[in-house]
1. Would you check which residues across the stretch 55-90 are β-branched (Val, Ile, Thr) and under 20 Å from PRO107 (Cβ atoms) and list them?
2. Any residue at all in the stretch 102-112 that is over 28 Å from LEU190 (Cα atoms) and not in a strand (DSSP E or B)?
3. Taking only pairs six or more apart or across chains, which ones have beta-carbon atoms under 6 Å, a first residue in the stretch 43-65 that is under 9 Å from ILE229 (Cα atoms), and a second residue that is among the acidic types (Asp, Glu)?
4. Quick one: would you say ILE191 is crowded, with 21+ Cβ neighbours inside 10 Å and β-branched (Val, Ile, Thr)?
5. Is it the case that the stretch 222-241 has a residue that's within 29 Å of ASP31 (Cβ to Cβ), in contact with an Asp or Glu (Cβ under 6 Å, 6 or more places away or on another chain), in the same structural domain as ILE41 (by TED's automatic domain parsing) and crowded, with 21+ Cβ neighbours inside 10 Å?
6. Name the residues in the stretch 200-214 that are under 15 Å from ILE49 (Cα atoms) and not charged (D, E, K, R), would you?
7. Being surrounded by fewer than 21 Cβ atoms within 10 Å (Cβ to Cβ), closer than 21 Å to LYS204 by Cβ and of a type in the set (Gly, Ala, Ser) is the filter here, so list the residues in the stretch 147-174 that pass it.
8. Could you count how many residues in the stretch 49-85 are over 21 Å from ASN174 (Cβ atoms) and among the small types (Gly, Ala, Ser)?
Amino acid sequence: MPSEMSVGEERPSTAASEPEAAPEYVLELRDIRAGYTEIEILHGVSLAIPPRSVVGVLGPNGAGKTTMLRVAAGLHQPTHGDLLVAGRRVNGASPDELARRGLCTIPEGRGIFPNLTVRENLWMATYRGMKRGEIEDATYERFPRLADRRHQRAGTLSGGEQQMLSIARAITTNPALLLLDELSMGLAPLIVEQLYEAVHQIAKDGVSVLVVEQFAKTVLGVADLAAIIVGGVVRLSGTPAEVEAGLQAAYFGEEAAGVR
C-alpha cells in the first residue's frame, strides 16, 4: 500500500540499490466526504485509478459525480478522507499544484479560448517546450477534423469539435491523468463515439482517464473499470461487465425510488 504523505512532506531517502516502486494508482480517493455549507453530498466515496486505464463514473443527475471530480481536481476540499496522487497524500493541494503533479481537468463546457483560432489554441501549449509544428501534427493525427478547422475561431466550432480541441490541448501538457466531466453532453452519438475512441487510445498511449458520465452505454464500451454513484455513495464498482450486469438495480432502481 502506498505511503500517505502531506503536500510538501519529503519522502525518506532510500538506498541506491532499492529503486522506488511505481505507484499502484495514479489517483486515489479514500473515504471522501464533501458537501456545501451544511449539506453533505459525498458520503464516504472511495475510488482508485490505475495507470494506463479508463475509469468511468456513472450516476443520475445530482448523484455527486461532479462534486467527486471537483475534489479530485483540488477545486473542492473534502471534510473527511484522503486524496492521493501517485501514492502521496495531497490533501489541501491547490488545482495548480495538482496540475504540476500531472492532473489535467477538462470541465463540463470545455476549456478553450473561443476568440482564438484552433491553431492559436494549440500554440498556447508551446510553453511546455514543444514546437508548434509538433503540437499541430500530433493533434491533427488524433483529430483529423481539426486540421480542416485550423484557421477557424474555436468559438465557432461545433460542440464536438470544441471537445476535441479541449482534449488535444490537454494532451499537449503530457499529463498522467485526464479528468473529464460529461464528455458526451449535448453531442450527437457519432461524435460521442469518436471522442470515446480517442479516450481509449489516449489511455493506451499511457495517460489514465477518469470520466464522469450520466449515460452508461457511452463509457462502458471503452472503460477498464467503472463505478456507479447514487446519492453520494458508490453503489457498485468493478469491470464494465460487472457494472452493466448490476446497472438496473444500482442505478435505475435507486433513481426510481426517488434518489436524485
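The values are calculated or read from the model by the stated rules, or taken from the named source; none is laboratory data. Being a predicted model, the structure only gives us computed values, none of them experimental. Here the Cβ positions follow ideal geometry from the backbone for every residue, glycine too, while neighbour counts run over all protein chains shown.
1. Within the stretch 55-90, VAL55, VAL57, THR66, THR67, VAL71, VAL85, VAL90 meet the criteria.
2. Yes, because at least one residue in the stretch 102-112 is over 28 Å from LEU190 (Cα atoms) and not in a strand (DSSP E or B).
3. LEU58/GLU213; PRO60/GLU255
4. Spelling it out, it is not the case that ILE191 is crowded, with 21+ Cβ neighbours inside 10 Å and β-branched (Val, Ile, Thr).
5. yes
6. Once the filter is applied, which keeps residues that are under 15 Å from ILE49 (Cα atoms) and not charged (D, E, K, R), the stretch 200-214 yields HIS200, ILE202, ALA203, GLY206, VAL207, SER208, VAL209, LEU210, VAL211, VAL212.
7. Scanning the stretch 147-174 gives SER166, ALA170.
8. Total meeting the criteria: 6.
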